[in-house]
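Have a look at the structure below, then the notes.
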Amino acid sequence: MKNIFFIFIVLSFISITSCEVAESVVRSIEQELPLTEDEVVKGLKEALRVSTDTAVSTVSVINGFYKDQAIKILLPPEADIITNNMNHPMLKAIGITDMINDVILRMNRAAENAAKEATPIFINSIKSMTINDAFDILNGSDTAATHYFRKKTYHQLKNKFRPNITASLNKPLVGNISANKAWSTLTDGYNQVANYVPGWKKVNTQLDDYVTTKALNGLFQKLGKEEIQIRKEPLARVTEILERVFGK
């Protein structure tokens with residue numbers, strides 16, 4: 001009886017091992033076969049999908065923008081006159097430093113909030129990739145897909161993403177005060193002081209376009225980083241089609 005049980009265990013082990021070996025052989029053969037056009041297109045679209053999912057999930061959390069120095073959104077260039085003169089006694093008297101820091105925090109919170117809505121916008125834009133586009137991307141630089149995506153879809157994405165940013169800028173995301181309200185407080189305070197200082201121009205810039213542009217630039221920067229990971233790191237190829245296309 002013991003012998004029969006032992007034989008059963010051995011045969012089961014051989015069977016399981018044989019299946020695993022067979023599967024391994026099949027995968028090896030598949031990996032060596034030339035890529036089809038369909039596989040390349042599917043693989044590149046999958047790479048963009050995975051990259052955008054990861055990029056969006058990275059920046060859409062609290063401090064996703066604010067604590068990342070590479071993509072942190074600072075005051076727009078029109079406000080340089082404020083930051084360059086923040087130590088002026090009249091500006092210090094109205095607490096300009098705290099106002100600047102407050103606006104920066106709220107702008108980044110608005111970008112983090114709006115980024116949550118970016119994934120479906122990105123996914124819809126991926127669908128138009130052609131076979132020629134896919135092969136150019138496959139044989140291109142480490143961020144060829146990101147560059148293609150940006151070139152082909154940036155303006156469309158910006159038009160669709162801007163309403164999300166506008167809504168987030170108007171939300172009281174921190175302390176019941178919106179980014180736009182904090183920005184108005186900052187610029188109004190500065191503009192009042194500017195009336196008394198020769199050569200100081202008033203600042204009347206709206207944040208919507210500026211924050212939209214900076215938020216999208218941050219997303220594309222993260223997207224490029226994720227693409228590089230997929231191309232170079234086997235562990236980043238989380239689906240079979242990614243391993244098939246980029247494993248070669």
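Below is a table of values for the structure above.
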| item | result |
| --- | --- |
| Cβ pairs under 8 Å, 6+ apart, first in segment 73-84 and aliphatic (A, V, I, L, M), second open to solvent by 10 Å² or more (accessible area, probe 1.4 Å) and assigned to a loop (DSSP other than H, G, I, E, B) | A79/T205; I81/W200; I81/K201; I82/L75 |
| Of all residues in segment 168-185 being of a type in the set (A, V, I, L, M, F, W, C) and open to solvent by 50 Å² or more (accessible area, probe 1.4 Å), the one that is nearest to K214 (Cα to Cα) | L173 |
| Selection within segment 203-216 - open to solvent by 30 Å² or more (accessible area, probe 1.4 Å), in a helix (DSSP H, G or I) and farther than 17 Å from V61 by Cα | D209, Y210, T213 |
| Positions within segment 168-202 being polar (S, T, N, Q) and part of a loop (DSSP other than H, G, I, E, B), in sequence order | N170, N176, S178, N195 |
| Residue check for E37: touching a helix residue (DSSP H, G or I) at 6+ places or on another chain (Cβ under 6 Å), surrounded by fewer than 15 Cβ atoms within 10 Å (Cβ to Cβ), modelled with pLDDT under 90 and not small (G, A, S) | yes |
| Members of segment 94-149 that are among the acidic types (D, E), in contact (Cβ under 8 Å) with a residue 40 or more places away in the chain and open to solvent by 40 Å² or more (accessible area, probe 1.4 Å) | D102, E117, D142 |
| Number of positions in segment 51-65 that are more than 8 Å from the chain's Cα centre (by Cα) and open to solvent by 60 Å² or more (accessible area, probe 1.4 Å) | 2 |
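The values are calculated or read from the model by the stated rules, or taken from the named source; none is laboratory data. Model, not experiment: these values are computed from the prediction. Ideal geometry is used to build each Cβ from the backbone, glycine not excepted, and the neighbour counts take in all protein chains shown. Side chains included, ligands, DNA and RNA excluded: accessible areas come from the protein's heavy atoms. Shrake-Rupley method; radii C 1.70, N 1.55, O 1.52, S 1.80 Å.
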